[in-house]
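I have placed the structure first, in the form of structure tokens, so that the comments after it can refer back to it.
The values are calculated or read from the model by the stated rules, or taken from the named source; none is laboratory data. None of these values were measured; they are calculated from a predicted model. We place every Cβ from the backbone using ideal geometry, glycine too, and count neighbours over all the protein chains shown. With ligands, DNA and RNA removed, areas are computed over all heavy atoms of the protein, side chains included. Shrake-Rupley method; radii C 1.70, N 1.55, O 1.52, S 1.80 Å.
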Amino acid sequence: MDEMRNRVLIIGAGPVGLCLALKLAKEGVPSTIVEQLKDENFLDQVPRAGTNHPATLEMYQDIGLYRRLEPRGIIAPLFHYWDRAKTERIAEFDHAVLKDDTAFPFALQCERIKIVEEALAMAKANPLIDVRMGTEFTSFSQDADSVTAFVQNEAGEQEDLHGRYIVSAEGARSIVRKECGIAFEGFTYSDRTLNIEVAYDFKQHGYTDRNYISDPVEWSNLFHWKGPPERWRVHFPTGEDEDPDALMAEDAMQARMQRFLPTGRPFEIIGSNLYTVHQRVAEKFHMGHAILAGDTAHVNSPIGGMGLNSGVHDAFNLADKLARIWRGEDAEPLLALYERQRRHIAVQHTQLQTIRNKKLLQEKDPAVRQRNHDELRRSASDPKLAREFLLRTSLIASVREAAAIA
Ligand SMILES: Cc1cc2nc3c(=O)[nH]c(=O)nc-3n(C[C@H](O)[C@H](O)[C@H](O)COP(=O)(O)OP(=O)(O)OC[C@H]3O[C@@H](n4cnc5c(N)ncnc54)[C@H](O)[C@@H]3O)c2cc1C
């Protein structure tokens, strides 16, 4: 196979596609990455995810990305659970109990946009990665040994790109997944999430950089992001029939923020967006030479910050398998192993945990709320239980569990 064909075609320069390309390059495997956004508008994307857990930081370190992200993020060793109605902190968890498990006993608050900006710069500088910006992928075909991706390039011309494998890291609306006829099983929540970003110092009220706030009427998440300008993001659930324009009107958002924290003065609102939350996992993670990773393969509620993280874990797991295929190992068993390992984690960890997280925050039954809060207090105050809890939330446990699946 000639050099331009003996490569991995990666669709999407999101965090998953870029991490995959960088890890493959480290293993000596060439790739072409196809991104519909152009250089000029690549950074005009909705902010989205940004809590990077210890297991993911270890992976960023492996490809040299961590040192570029740390100065742009906030090192957050702590996170809190709060009871909104009582304005009371239920529990504080400290990643310090993981000091013997990881070189990164903290989360890094660093938004997706900063991650893709830094990772794209690294990809462009890497001779093994061919980056095609402003190129829209429209469909693909495959035979027993290779794939062809049909794209419209930056000049507006139709072009065929050839490779040995195609990896869809296109996000939830994957064309590859649809063309393969792979079902995206699960459900969509009827409520939507309103995200309001404000410039305000919540630490003066006892909050830490990451806060999960339970309430039977209006649960919230509160996260701190590094500036300039310094920002805090607050998530609120909204009714399924509420009009988006009314929800996002300045006075409605100010009123909602005042109910959340009555300061008596308008908040400086920097941004807002409203999104629908899905809990879905693809029925299969690969079909022949077409492979799914990240949001293409699974989507979930952002409570707990697991979407981006588990997608990056897919990328590293898959890069390891593809590198072994490039070194001559049998492809089919390795791709089947990728699917067994990462689909298991998507179903048994990411889906279960994020559904549980949402239930915990919005629980209405006072007795169940009390039980949940007591349980959190007990876990936070006992170092052994706290370590077990944090191994799960930091996703170290899920990476270890995937590695143990033969
Ligand atoms: C509004 C919102 C808020 C979120 N908040 C959180 C959060 O707080 N915490 C969390 O963990 N997760 C959150 N998520 C999820 C998180 O952003 C995703 O899990 C993560 O970005 C997945 O990465 P990815 O690389 O798989 O896909 P994406 O980040 O979606 O990247 C896909 C890339 O593919 C490109 N692409 C798509 N189609 C084509 C095509 N046809 N041709 C060429 N290129 C294409 C896109 O332009 C994009 O660059 C949020 C998601 C949304 C939508």
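Rounded to a whole number, what is D in µm²/s for the range 356-396 from Stokes-Einstein with the Kirkwood radius over alpha-carbon pairs (10 °C, 1.306 mPa s)?
D = 144 µm²/s.
For the range 1-91, the per residue solvent-accessible surface stands at 40 Å², with DNA, RNA and ligands left out and a 1.4 Å probe. The value of relative contact order for the chain, using C-alpha pairs under 8 Å at least six residues apart, is 21 percent.
Backbone phi angles across the range 235-242, fed through the Karplus curve with coefficients 6.51, -1.76 and 1.60 (θ = phi - 60°), yield HN-Hα couplings of 9, 9, x, 10, x, 5, 9, 5 Hz in residue order; Gly and Pro are listed as x.
Of the residues 80, 162, ranked by 1.4 Å probe accessible area with the largest first, the sequence reads 162, 80.
Stokes-Einstein diffusion of the range 14-142 at 25 °C, 0.890 mPa s viscosity, Kirkwood radius from Cα pairs, rounded to a whole number: 148 µm²/s.
In summary, the lysines within cross-link reach of residue 321, defined as a Cα separation below 29 angstrom excluding same-chain residues under 8 places away, comprise 23, 26, 114, 124, 178, 284.
Only Cα pairs under 8 Å and 6+ residues apart enter the sum, and on that basis the relative contact order of the range 282-323 stands at 31 percent. Of the trypsin sites (Lys or Arg not before Pro) found in the range 313-363, those that fall in a DSSP loop while having at most 14 other beta-carbon atoms within 10 Å are 327. Sorted largest first, the spans of the alpha carbon positions of the range 302-376 along the three principal axes are 59, 18, 15 Å.
Computed FRET efficiency, Cβ-Cβ of residue 3 and residue 204, R0 60 Å: what is it to the nearest 0.05?
Approximately 0.55, to the nearest 0.05.
Where does the Debye-calculated log10 I(q)/I(0) of the range 243-356 sit at q = 0.10, 0.17, 0.23 Å⁻¹, using only Cα point scatterers of equal weight, no solvent? Results for the range 243-356 at q = 0.10, 0.17, 0.23 Å⁻¹ read -0.47, -0.83, -1.17. Along each principal axis, taking the top coordinate minus the bottom one, the Cα set of the chain gives 66, 46, 38 Å in descending order. Each Lys or Arg adds one and each Asp or Glu takes one away; over the other residues whose Cβ falls under 14 Å from the Cβ of residue 287, this sums to -1.
Test of understanding: what is the full-extension gain from residue 243 to residue 377, defined as 0.36 nm times their sequence separation minus their Cα-Cα distance? If you can, show how the numbers build up before the last one.
Values: separation 134, 0.36 × 134 = 48.24 nm, distance 3.81 nm.
Taking residue 243 through residue 377 to full extension adds about 44.4 nm, to one decimal.
With both labels modelled 7 Å from their Cα along Cα-to-Cβ, the residue 96 to residue 368 distance reads 3.5 nm. Distance from the C-alpha centroid of the range 25-54 to that of the range 357-406: 31 Å, rounded to the whole angstrom. Take the range 151-269 with all the other protein chains still there, run a 1.4 Å probe, and you get 45 Å² of accessible area per residue.
Rounded to the nearest percent, how much of the accessible area of the range 188-232 (1.4 Å probe, protein heavy atoms only) is carbon and sulfur?
56 percent
What's the local net charge at residue 316, with K and R +1, D and E -1, over the other residues with C-beta under 14 Å away? Overall, the nearby charge balance is +1.
Accessible area of residue 46 (1.4 Å probe, protein heavy atoms only, ligands and nucleic acids ignored): about 80 Å². Other residues with beta-carbon under 13 Å from the beta-carbon of residue 253 carry, at +1 per Lys or Arg and -1 per Asp or Glu, a net charge of -3. Candidate cross-link partners of residue 359 among the lysines, defined by an alpha-carbon separation under 24 Å and a same-chain spacing of 8 or more, comprise 86. Accessible-area rank, largest first, for 101, 314: 101, 314, with all protein chains present and a 1.4 angstrom probe.
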